[in-house]
Protein chains: 2
Amino acid sequence: MNIGEIARRAGVSRSTVSYALSGKRPVSEDTRRRIQQVVDELGYQPSASARALANGRTSTIGLVFPPAGNHYTGMQLDFIGSVVEAAAACDYDVLLSPSGVDSDRSFQRLLGERRVDGAILMEIRLEDDRADHLARLGFPSVAIGRTAHAEDGWFVGLDHTALAAACVHHLADLGHRRIAFVNRPEQLLRSGYESAHRGLDGFTKAAAERGLTVRTYCCGDDPASGQACLERILHDDPATTGLVTLNEAALGGLYRGLAHAGRHVPRDFSVTGVVANRWAETVTPQLTAADVPAAEMGRLAVDLLVERLGRPEAPPRHHLLVPPISLRASTGPAGA
Amino acid sequence: MNIGEIARRAGVSRSTVSYALSGKRPVSEDTRRRIQQVVDELGYQPSASARALANGRTSTIGLVFPPAGNHYTGMQLDFIGSVVEAAAACDYDVLLSPSGVDSDRSFQRLLGERRVDGAILMEIRLEDDRADHLARLGFPSVAIGRTAHAEDGWFVGLDHTALAAACVHHLADLGHRRIAFVNRPEQLLRSGYESAHRGLDGFTKAAAERGLTVRTYCCGDDPASGQACLERILHDDPATTGLVTLNEAALGGLYRGLAHAGRHVPRDFSVTGVVANRWAETVTPQLTAADVPAAEMGRLAVDLLVERLGRPEAPPRHHLLVPPISLRASTGPAGA
DNA sequence: TAGCTTCGCCGAACCGGTTCGACACAGCCG
DNA sequence: CGGCTGTGTCGAACCGGTTCGGCGAAGCTA
């Protein structure tokens, strides 16, 4: 069931079969038909490995994301799904690599063993050794997220600074004066996790601008931590009337904490943040939030990567998205 | 940066380098060290394509799941994560394939082009053309889920019949007499989706056994559908006091519907079902449910597949899991 | 009909590994 | 010293495709 077998049965040479199938050189209509018939009959499909070896392209892209130790979030799922789908549309397969760092064995397999033509990096940090490594190598990659010095790179990102600021302004406009920020876990913040940093930044600056009293918290990626965090918030400043969060996994816990404390949302307390809309719509009342357009970002990342693969010397491009805040039911005027 | 280059620099033949690295034939300690030094110096790693071509193994497994049209659920994410991680531990990469049916292009790529050594199938249907196809071909695969005639196959599954029945018994023990079943979307049920069928089955049989009055519903995989579904339930039979669900994505909507209808959980209404624990713990009150051990199932599937790849003629093995119901806070005595 | 182009196909080399058979050399025995 | 075993290495073939240069036949012009 290899190309030689096809050639033999069709009474032509191997190269002719190759050309007939790829169309890279003209082949007479007659032979082409004969070959095609044999191919159909035997259900022949060329071996991916052989093809990859011969022409140096694997038709596979790598999707690099951190190991599951830290829970996966819904956002990541949407990324993965949309990346796979967009890649399939461009005739690329997707190889998953659970890699934290550039020295990681799994990461080395992707690159060193040349299993993929390009890579998409998730969970970017401001100083990202994987991104730097790939950039040094000139290896085609696109980041989902934006490093500190991203201006000359390929990425699709969310403007977390602007989004967090928008949330603050939204609360301030409603009259809230004392609000809290619920971030991702401290470990992620310390390791330079992009969204955590920029979100915190945008929150802090905007709050200062509006003269608000704020407290900021890190919170584990799970409901129990969310509940505990909310208790801390109300303990530290019982007069707090609103919060902004980036932590979707903790969201349910935050709501539970509010319910336990007897604070009604949105009458007594407003909640908003940056969250995938599947989560925003799951909680009751539904969350007013900047919806993370994860599916769109995945698609854009693939488009960018495919473009880069097609024209290796193309100048870097990127998409920086600033989705609007979707007004739902979790925020209201302060002191209502 | 290929094996020839290494051989040249180390002053040996290509085959010697190959043997030194693979250890498949003895090489003198002296040459081995010299070769290793050159390898380290140049950071050489053999090309995956070339190796795959030569020895017929790609060291990659395919993870086949349906396209994203239908939302991804949290369970799927946990599967994917644990599969990738378990595979990495066995030195396998994971190739994602968004395939619905066996004639699908993406599915054909995996198999026909021999991109993977084996496959793990998600989202199994009772009559599954992909599973049948692979079985006919003798292609090494493991299903996550159990077809109608699974006894002679490789799979890791959840005993949805038993789990749904356990939920019914739990409610019946608490004194509930009129309960509802909230299934996955009708389209999935019609297409023979395994968990939807067996779950419905287990529910119906157990309810009959206990002499309960029941109604069963299909419900879209999103909160809005869940809310609508709950309204229908209370409209059809206002005396309903409990429900069992398999639909995690709708869960938030079900709760919201109950709140809108003024039914307090668990005082006026009990909710239970089969759900990944990340969801069970997110809602308030936390859901008493059979937690889907998605991560464990992913791991087991990889173990099974690796075993099958290692011994092609091994007899089929499987794991059928029946996780216990985790008592949380969403169920209580009827008429309390 | 000689000479030139065009078309269609073939053979060979190559991609980068793995593996098999053979061979040179050393050490041991009789 | 001849023959025998065992160790370490090499060369060549192979995996299954792609691609390049060239060649023979057909068609056209002079």
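Pairing each residue of region A:21-34 that is among the hydrophobic types (A, V, I, L, M, F, W, C) with any residue that is assigned to a loop (DSSP other than H, G, I, E, B), provided the two are 6+ apart or on different chains, yields C-beta distances under 8 Å for A:21/A:46. Residues in region A:109-145 that are of a type in the set (Lys, Arg), at pLDDT 95 or above and touching a strand residue (DSSP E or B) at 6+ places or on another chain (Cβ under 9 Å): A:115 only. When B:38, B:27, B:94, B:12 are screened for being more than 9 Å from DNA strand C (Cβ to nearest atom) and in contact with a strand residue (DSSP E or B) (Cβ under 7 Å, 6 or more places away or on another chain), only B:94 passes.
A Cβ distance below 7 Å, combined with a sequence gap of six or more or placement on separate chains, defines the contacts here; from region A:93-107, residues that are β-branched (Val, Ile, Thr) reach residues that are part of a helix (DSSP H, G or I) in the pairs A:94/A:83; A:94/A:84; A:94/A:87; A:101/A:129; A:101/A:130. Here residue A:278 fulfils each of the conditions (1) touching an Asp or Glu at 6+ places or on another chain (Cβ under 9 Å); (2) surrounded by fewer than 20 Cβ atoms within 10 Å (Cβ to Cβ) apart from (2).
Rundown of residues vs (1) assigned by TED's automatic domain parsing to the domain that holds residue B:272; (2) in contact (Cβ under 8 Å) with a residue 24 or more places away in the chain; (3) of a type in the set (A, V, I, L, M), yes/no style:
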site: B:123; (1), (2), (3): no, yes, no
site: B:129; (1), (2), (3): no, yes, no
site: B:144; (1), (2), (3): no, yes, yes
site: B:176; (1), (2), (3): yes, yes, no
site: B:200; (1), (2), (3): yes, yes, yes
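Filtering region A:28-56 to residues that are more than 6 Å from DNA strand D (Cβ to nearest atom) and either assigned to a loop (DSSP other than H, G, I, E, B) or touching a Gly at 6+ places or on another chain (Cβ under 6 Å) (or both) leaves A:28, A:43, A:44, A:45, A:56.
The strands (runs of 3 or more DSSP E) located wholly in region A:268-331 that include 1 or more residues which are hydroxyl-bearing (Ser, Thr, Tyr) and out of contact with any helix residue (DSSP H, G or I) (no Cβ under 7 Å at 6 or more places or on another chain) occupy A:288-291. From the list B:328, B:317, B:267, B:278, the one residue that fits, being of a type in the set (D, E, K, R), at pLDDT 95 or above and under 18 Å from the mean Cα position of the chain (by Cα), is B:317.
With respect to (1) buried (at least 20 other Cβ atoms within 10 Å of the Cβ); (2) within 14 Å of another protein chain (Cβ to nearest Cβ); (3) assigned to a loop (DSSP other than H, G, I, E, B), the lone exception for residue B:221 is condition (1). Against the list (1) over 31 Å from the mean Cα position of the chain (by Cα); (2) closer than 28 Å to residue B:310 by Cβ; (3) surrounded by fewer than 19 Cβ atoms within 10 Å (Cβ to Cβ), the condition residue B:13 fails is (2). Would you confirm whether any residue within region B:117-124 is in a loop (DSSP other than H, G, I, E, B) and within 16 Å of DNA strand C (Cβ to nearest atom)? Yes, region B:117-124 contains at least one residue that is in a loop (DSSP other than H, G, I, E, B) and within 16 Å of DNA strand C (Cβ to nearest atom).
Just one of (1) β-branched (Val, Ile, Thr); (2) outside any helix (DSSP H, G or I); (3) open to solvent by less than 20 Å² (accessible area, probe 1.4 Å) fails for residue A:83. It is (2).
Take the conditions open to solvent by 50 Å² or more (accessible area, probe 1.4 Å), in contact with a Leu (Cβ under 9 Å, 6 or more places away or on another chain) and farther than 20 Å from residue A:330 by Cα and apply them to residue A:197. Does it pass?
yes
In the condition set (1) in contact with a strand residue (DSSP E or B) (Cβ under 7 Å, 6 or more places away or on another chain); (2) within 7 Å of another protein chain (Cβ to nearest Cβ), residue A:79 is compliant with all but (2). Could you say whether any residue in region B:88-97 is of a type outside the set (D, E, K, R), more than 9 Å from chain A (Cβ to nearest Cβ) and surrounded by fewer than 16 Cβ atoms within 10 Å (Cβ to Cβ)? Yes; the residues of region B:88-97 include at least one that is of a type outside the set (D, E, K, R), more than 9 Å from chain A (Cβ to nearest Cβ) and surrounded by fewer than 16 Cβ atoms within 10 Å (Cβ to Cβ). Filtering region A:28-52 down to residues that are within 13 Å of chain B (Cβ to nearest Cβ) and open to solvent by 80 Å² or more (accessible area, probe 1.4 Å), which residue is farthest from the chain's Cα centre (by Cα)? Looking at residues that are within 13 Å of chain B (Cβ to nearest Cβ) and open to solvent by 80 Å² or more (accessible area, probe 1.4 Å), I get A:40. Looking across A:109, A:25, A:105, A:115, one residue alone is more than 10 Å from DNA strand D (Cβ to nearest atom) and open to solvent by 60 Å² or more (accessible area, probe 1.4 Å). It is A:105.
The values are calculated or read from the model by the stated rules, or taken from the named source; none is laboratory data. Because the structure is predicted, anything quoted here is derived from the model rather than measured. Note that we place each Cβ from the backbone using ideal geometry, even for glycine, and neighbour counts take in every protein chain shown. Accessible surface areas use protein heavy atoms only, side chains included; no ligands, DNA or RNA. Shrake-Rupley method; radii C 1.70, N 1.55, O 1.52, S 1.80 Å.
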